[in-house]
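Undergrad: To start, I am sharing the structure in question, which I have written as structure tokens.
The values are calculated or read from the model by the stated rules, or taken from the named source; none is laboratory data. For clarity, every value in this text was computed on a predicted model and none was experimentally measured. Here the Cβ positions follow ideal geometry from the backbone for every residue, glycine too, while neighbour counts run over all protein chains shown.
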Amino acid sequence: MTNLQRIRLERGLSQSQLAKAANISLRSIQAYEQKAKDINKLQLQSACKLAKVLSIRPEDLLEGGEA
């Protein structure tokens, strides 16, 4: 499970709700959650949008791997 998926589930948000709130595509959310690793630095802009919606630091999405 990626950090994004874990945090999203802790917040009780569906993938669709998060995508809409962060103004990014549902397909992007699904792709991030299917990866074995968390969001990489090339996807930092999306990570910043997601972090803002989830009220976390963008770094929280970049750290770790599977939780």
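Here's the yes/no breakdown for (1) among the basic types (Lys, Arg); (2) buried (at least 19 other Cβ atoms within 10 Å of the Cβ); (3) at pLDDT 85 or above:
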site	(1), (2), (3)
Ile7	no, yes, yes
Lys35	yes, no, no
Lys41	yes, no, no
Leu50	no, yes, yes
Glu59	no, no, no
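Undergrad: What is the number of the single condition among (1) of a type outside the set (Val, Ile, Thr); (2) modelled with pLDDT under 85; (3) exposed (fewer than 15 other Cβ atoms within 10 Å of the Cβ) that Arg11 does not meet?
TA: Here Arg11 clears every test but (2).
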